[in-house]
Structures are given as structure tokens and as C-alpha cells.
1. Just checking, does the stretch 346-367 include any residue being within 27 Å of I201 (Cβ to Cβ), buried (at least 20 other Cβ atoms within 10 Å of the Cβ) and either more than 23 Å from the chain's Cα centre (by Cα) or touching a residue at least 12 places away in the same chain (Cβ under 8 Å) (or both)?
2. Can you find a residue that is free of Cβ contacts under 8 Å to residues at least 12 places away in the same chain and buried (at least 21 other Cβ atoms within 10 Å of the Cβ) anywhere in the stretch 270-282?
3. Any chance you could count how many residues in the stretch 237-246 are surrounded by fewer than 18 Cβ atoms within 10 Å (Cβ to Cβ) and modelled with pLDDT of 95 or more?
4. Which residue, of T309, T339, is surrounded by 18 or more Cβ atoms within 10 Å (Cβ to Cβ) and either touching a Gly at 6+ places or on another chain (Cβ under 8 Å) or free of Cβ contacts under 8 Å to residues at least 40 places away in the same chain (or both)?
5. Suppose we filter I253, I204, I262, I238 for residues that are within 12 Å of the ligand (Cβ to nearest atom) and hydrophobic (A, V, I, L, M, F, W, C); which single one remains?
6. Being at pLDDT 95 or above, farther than 27 Å from L173 by Cβ and among the aromatic types (F, W, Y): is that true of F328 here?
7. Does any residue of the stretch 162-173 turn out to be touching a Leu at 6+ places or on another chain (Cβ under 6 Å), open to solvent by less than 20 Å² (accessible area, probe 1.4 Å) and not β-branched (V, I, T)?
Amino acid sequence: MTKRAKGTYHLVSLGCAKNLVDSDSMAQLMNRQGLIPTASPGDAEFLIVNTCGFLTAAREEAIAVLTDLASEKLPWQKLIAAGCMPERHHQDIINSVPGLDGMLGTQRWMDILDVLQETRLNRQGLPYQHFPQSAVDARNEKGAHRAAVQGGSAYLKIADGCRRTCAYCLIPLIKGDLVSRPMEKIIEDAKALQGHGVKEIILIAQDTTDYGHDLGMRDGLTRLLETLLKSVPDVPWIRLMYTFPGYVSESLIQLMNSEPQILPYLDIPLQHADPNILKSMRRPSDIQSVRESLAQIRSLIEDVTLRTTLIVGYPGEDQQSFQKLLEFIQSVRFDHLGTFPYSFEPGTPAEPLGDPVPEHIKTERVEHIMQTQAEISLERNQRFIGRVLDVLVEGVDDENQISIGRSYRDAPEIDGLVLIEGLAPVGEMVPVRINSAITHDLVGTLIDHHLS
Ligand code: SF4
């Protein structure tokens, strides 16, 4: 091993924003120990893949990435699988990835340094597996900020794990029960992000509306937001992700309506609209009260943007129940919507139902929903023509003299963009007059002296 490579690491982060925060926290612990990150895997002593594992497709991707790195791995390098996949599928990784040196689960991200040390010492030839029997102390964050900065915005984790029992979901089996972070730790991280100059803090958890339940708090998310507002007044945007239907409380709605710093944006994964399917999914199935709460949110929070996520092809979904789902999205008219084909996951409560809906039917239904949503999304976008929106600039295209950013209506990576004629400073918030709308995006011009 070259002197230069000793004590270096290459970290690949797969999956969701929550995994990104875990990757960032592991990097903080390694950097603090004097390890140096490298962009190219060939130069690193440690190759670490923070995997996603809650869907078959995600596990296949994790195996592909690990196998690629294993195939290029030099004798002095150590390949480590971290994250969600080792938590439940560690044997699959061992069977599929020759040359693996170590493994730790998502609930043990804070033990990354121990694992690196063990893989260095490990002469057994078998991968070192870090799955201690002792109960994990999920609140022992070893001083790491539980946030991941992405340009002008940052994900801030407020809790991990989940106490819900959705029939199709592996997450409670991977992440364990809900563990809310102490509020003072969250505030500390938020202040650090404010000091870092971020313009947007995105609160994430498996279910943000359940924040504080395990700490004996009632309406904990609203309490947390009230404290955040006082603690980080210089952060223009606070965005909520992953709320649970029926748990967006009155006081949360009131606070969102009275405090512009909390973006009028709600991501409420509903998953379906047929009560029988929802019952089978073990999700809130009173679709009439869901409709009413969405209508109430729209009437109480001015210009609120509503996003949801749907699963099609769940066992028992026939043409009739799919029609109900279609009618539901045509009548509610969400601003943003994501649709996924049901993924059969052994070990979930839904396993005994099998996977009766053919893949081609699932694909057709995903396409049908997204075609329907495309018209709705354009219609929702057209309401903003002629208006001025603040846009967080995230990139520029010098050649075409345009800038790209997001308004309050767009969460990163999953929603639309604002295309701005003219070059604007990346990482800054600029006012943009909206001139036109396309299916998922808006187009506009910079207002005033921001044009550089
Ligand atoms: S709320 Fe349901 S879908 Fe979401 S992580 Fe928890 S169990 Fe899974």
C-alpha cells in the first residue's frame, strides 16, 4: 500500500436522504480521526458502500456497486458494506460479493471506526461482521452532526426507525422502532447549518409527524418547529418531508399558515385510495377523511403545495380499485406525485399475499397514473405564470445563459425545477418572475439587479 493511500477512504452513498445523512455522519467521524476522503476508489485504503435495502431493486443495485468495487479491489484495500442491506440481508452480500472485508448495519453507523480497525486486523479471510448483540444506543451520535449539506440546502435528520406497521414495508425490520433525536441536538445541528449559510433545512425521518412520540411528546413536530423558528431565524426555508396521513395536526397547519419560514409544502405519502387496499396495506383507510384533511390543508395554508406517493399493483388491486385510485388523483389534483410498482418483499406482513399482479400490468398502471398526473402537474404549474417566486439557485449553464433552481414548491431530486433566463449566483435565493410553465417545471426571468 502506498504511503499516500494509508488512512484514506472512498464512500459511496446509495438510497434515500436519510442514508445520505448517515454517510455524512460516518465521514465526519472518519475525518475527525484523520482519515482522508478520496474521489477515486483506486486511491483509497477503505472502500465503503452505504447501502439501501428496503426494496429488491435497491438491494440489486447495492450488490452491483459492491461487486464492481470488489472486482477492481487491490490486495491492500478493504471493502466494507454499511447501511440498510447488511441489517437484514448480510448473508446475501457475503454470498454475492467475493473479497468483502467488513460489514455493519444501518443502526450501527456510529461504529464505523471500529469496523475499519477490525478489517485492518482481520486475517481470517472471512468478512468481519459488526452485529454486536448489545442493544444499540441510537442516540449515541458520537458528536456527529446528523445533517447532509447539498449546495444551499441541507437534510437534517430528526428521528430514525418507525413504529408503523405498513404491510409492504421492510423499514421497521431494518431500522427498528422510532427513535427521536433529542430536540437540543437537532437545534444544535440546525444552528451549525445556519452558521454554514444554508438557505434551506429539510427535516427528514421515516415519519416526521411521529417526532417525539417515543419521548412522550404530544404534537412533537409542531413543538420542534416552534423552537427551530426561534433558533435559526436566518435560514429562509424550513421544509417538511414524509408526513403520515391523518397526523398533520391542526396546530401544525396553523403554524405552517402563520410562519412563512416553514414552507407551505406537504409531502403526505398516501400509497393508495381504495379503502380495501389501504386496509390490507395497514394504512389509514378512511379515504373520505383523507380528502377532507387535504381540503382543509388547502383552505388553511395559502398556496400550499401537496405531494404524495402511490403504490400500484399491490395484491388485490383489480381494475376497479385501480380506477378508484385514478379518480382520486383526478379529483384531488396533487402538485407533485410519485408512483411505484408494488415490490414483493419477503419478511413483510404482506408476504403471505404473494405477488399476483403481473409486472406488465404494474408498469401499465404506473404509466397511466403518471400520464394523468402530467396534465394535472401542468395545470397546477400554470397558476404561477405572471407571479414572482423566490428561487434557490442550484446550478448554471453558461453556454445557454440559464440558471436552474427550485422554488418552495420543489423538494430536491423528486419534484420540478425553475429554469431561469440569465446567470444567477449558485447557492443564493433570487426573485424570479414566472413567464411560462411546462409539465413539471417553471420558466422565468430574474428580477432586477440579480442578473450578473
Ligand atoms: S410509515 Fe410505513 S411505509 Fe413509512 S417507513 Fe414506516 S412502516 Fe414503512
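1. Taking the stretch 346-367 first, the residues within 27 Å of I201 (Cβ to Cβ) are none.
There is no residue in the stretch 346-367 that is within 27 Å of I201 (Cβ to Cβ), buried (at least 20 other Cβ atoms within 10 Å of the Cβ) and either more than 23 Å from the chain's Cα centre (by Cα) or touching a residue at least 12 places away in the same chain (Cβ under 8 Å) (or both).
2. Filtering the stretch 270-282 down to residues free of Cβ contacts under 8 Å to residues at least 12 places away in the same chain leaves 278-279.
With buried (at least 21 other Cβ atoms within 10 Å of the Cβ) added as a condition, the list becomes 278.
Within the stretch 270-282, one or more residues are free of Cβ contacts under 8 Å to residues at least 12 places away in the same chain and buried (at least 21 other Cβ atoms within 10 Å of the Cβ).
3. Initial filter on the stretch 237-246 (surrounded by fewer than 18 Cβ atoms within 10 Å (Cβ to Cβ)): 246.
Filter once more, keeping what is modelled with pLDDT of 95 or more: none.
Qualifying residue count for the region: 0.
4. Values: T309 fails: surrounded by 18 or more Cβ atoms within 10 Å (Cβ to Cβ).
The unique qualifying residue is T339.
5. Values: I253 fails: within 12 Å of the ligand (Cβ to nearest atom); I262 fails: within 12 Å of the ligand (Cβ to nearest atom); I238 fails: within 12 Å of the ligand (Cβ to nearest atom).
Going through I253, I204, I262, I238 in turn, just one is within 12 Å of the ligand (Cβ to nearest atom) and hydrophobic (A, V, I, L, M, F, W, C): I204.
6. On the way: at pLDDT 95 or above: yes; farther than 27 Å from L173 by Cβ: yes; among the aromatic types (F, W, Y): yes.
In short, yes.
7. no
Yes or no, residue by residue, for (1) surrounded by fewer than 19 Cβ atoms within 10 Å (Cβ to Cβ); (2) not hydrophobic (A, V, I, L, M, F, W, C):
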site	(1), (2)
L100	no, no
T106	no, yes
M110	no, no
N140	yes, yes
A147	no, no
G152	no, yes
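The values are calculated or read from the model by the stated rules, or taken from the named source; none is laboratory data. Source: prediction; values computed, not measured. Positions of Cβ are generated from backbone atoms using ideal geometry, with glycine treated the same way; all protein chains shown enter the neighbour counts. Just the protein is used for accessible areas: all its heavy atoms, side chains included, with ligands, DNA and RNA removed. Shrake-Rupley method; radii C 1.70, N 1.55, O 1.52, S 1.80 Å.
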